[in-house]
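> Please find one structure pasted underneath; my questions will follow.
The values are calculated or read from the model by the stated rules, or taken from the named source; none is laboratory data. All values derive from a computational prediction rather than experimental measurement. Cβ atoms come from the backbone with ideal geometry, glycine included; neighbour counts cover every protein chain shown. Surface accessibility is based on the protein's heavy atoms, side chains included, excluding ligands, DNA and RNA. Shrake-Rupley method; radii C 1.70, N 1.55, O 1.52, S 1.80 Å.
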Amino acid sequence: MRIGVNVPNFGPGTNPDNLARWAGTAEGLGFDLLMLSDHVAITSDVAGQYPAPFYEPVTTLAWLAGITTRIQLGTTVLIVPYRHPLLVARMAANLHQLSGGRLILGVGVGWAREEFAALGVPFERRGALTDAYLETMRTAWENEADYGPGRIPVWIGGNSDAAISRAVRLGYPWHPLRFTMPWFRDALNRVKDIAGRLEKPVPELAPRMILRITEKPLDHPDRRAGEGTLEQILGDIEELRSAGAETLLLDPYLGDPEETLRPETAWQALATVAAHRPRP
């Protein structure tokens with residue numbers, strides 16, 4: 001199982017120096033993947049969770065590609081309806097080439113109504129736009145030599161049945177976000193049902209779970225995957241691996257923007273997991 005890190009590219013502590021330190025820490029600890037989030041217009045609904053400064057992910061990943069050597073780079077998740085699909089196709093293809101084939105493009109439909117309005121994109125059509133844009137991007141990658149080396153790895157982010165169906169239809173890995181293990185077990189059944197109805201293979205799994213290590217075990221039923229003692233977290237990782245997850249993304253951001261001023265806390269949690277992660 002490959003294990004990656006979701007790096008906060010927003011908040012009061014985020015700046016080029018800290019982003020470089022995040023990248024160096026993730027790569028130095030032996031993690032396989034580094035991913036960033038996406039917002040364009042930091043409207044009030046976005047700022048409540050992800051305040052400025054918010055570093056645009058594609059340009060930031062291009063910079064990080066130049067100061068790293070091994071770790072894969074990606075988005076969790078790029079909001080597809082926000083940009084013209086041919087622009088995204090070209091940016092992704094160029095970044096994939098320039099980084100030596102290290103890009104994974106995680107994508108989603110978005111949720112921030114005010115941000116959609118600020119960008120002039122109809123919120124109610126975000127699902128249909130995402131489907132159409134993804135098809136355009138895939139066609140561009142496959143048919144245009146100047147778009148770079150073939151198909152870019154894409155993950156379909158989201159916890160809804162619509163996201164699962166999109167992953168199944170397109171044959172891309174499914175990227176569920178910040179869930180409980182009971183929810184994940186039930187979702188696996190839905191994945192299999194949807195794949196059966198569509199007569200398509202079950203997609204690969206690439207989940208993203210939080211990372212919060214506690215001294216005492218958490219036994220409440222709504223405990224999220226990746227939350228609890230180290231033993232509980234390692235148990236979650238093993239269950240996800242056994243369920244077929246080939247890649248797992250750890251998200252050490254717990255929701256308080258002030259955390260970005262103290263990244264050492266997250267780095268220590270990551271180092272603890274890195275020291276105990278399952279090895280081939």
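Matching residues to (1) touching a residue at least 40 places away in the same chain (Cβ under 8 Å); (2) surrounded by 15 or more Cβ atoms within 10 Å (Cβ to Cβ); (3) out of contact with any Pro (no Cβ under 8 Å at 6 or more places or on another chain); (4) closer than 27 Å to Gln268 by Cα:
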{"position": "Asn189", "(1), (2), (3), (4)": "no, no, yes, no"}
{"position": "Ile194", "(1), (2), (3), (4)": "no, yes, yes, no"}
{"position": "Glu199", "(1), (2), (3), (4)": "no, no, yes, no"}
{"position": "Arg208", "(1), (2), (3), (4)": "yes, yes, no, yes"}
{"position": "Ile213", "(1), (2), (3), (4)": "yes, yes, yes, yes"}
{"position": "Lys216", "(1), (2), (3), (4)": "no, no, yes, yes"}
{"position": "Glu227", "(1), (2), (3), (4)": "no, yes, yes, yes"}
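> Considering the range 119-147 alone, what residues qualify as being surrounded by 15 or more Cβ atoms within 10 Å (Cβ to Cβ), at pLDDT 95 or above and farther than 19 Å from Ala163 by Cα?
Leu119, Val121
> Take the range 239-274 and flag every residue that is farther than 17 Å from Asp32 by Cβ and open to solvent by 50 Å² or more (accessible area, probe 1.4 Å).
Glu239, Ser242, Leu254, Asp256, Glu258, Leu261, Arg262, Glu264, Thr265, Gln268
> With the condition being polar (S, T, N, Q) and more than 18 Å from the chain's Cα centre (by Cα), I'd like the helices (runs of 4 or more DSSP H) fully within the range 162-280 carrying at least 2 qualifying residues.
Fully inside the range 162-280 and qualifying: 230-242, 263-276.
> Picking from Thr25, Thr14, Thr59, which residue would you name as being among the β-branched types (Val, Ile, Thr), under 22 Å from Ala269 (Cβ atoms), assigned to a helix (DSSP H, G or I) and within 19 Å of the chain's Cα centre (by Cα)? Don't jump to the end; show me each part of the working.
Working: Thr14 fails: assigned to a helix (DSSP H, G or I); Thr59 fails: under 22 Å from Ala269 (Cβ atoms).
Among Thr25, Thr14, Thr59, only Thr25 is among the β-branched types (Val, Ile, Thr), under 22 Å from Ala269 (Cβ atoms), assigned to a helix (DSSP H, G or I) and within 19 Å of the chain's Cα centre (by Cα).
> Name the single residue, out of those in the range 62-90 being part of a loop (DSSP other than H, G, I, E, B) and open to solvent by 50 Å² or more (accessible area, probe 1.4 Å), that is nearest to Arg125 (Cα to Cα).
His84
> Tally up the residues in the range 96-116 that are open to solvent by 10 Å² or more (accessible area, probe 1.4 Å), over 17 Å from the mean Cα position of the chain (by Cα) and under 24 Å from Ile42 (Cβ atoms), please.
Residues meeting the conditions: 2.
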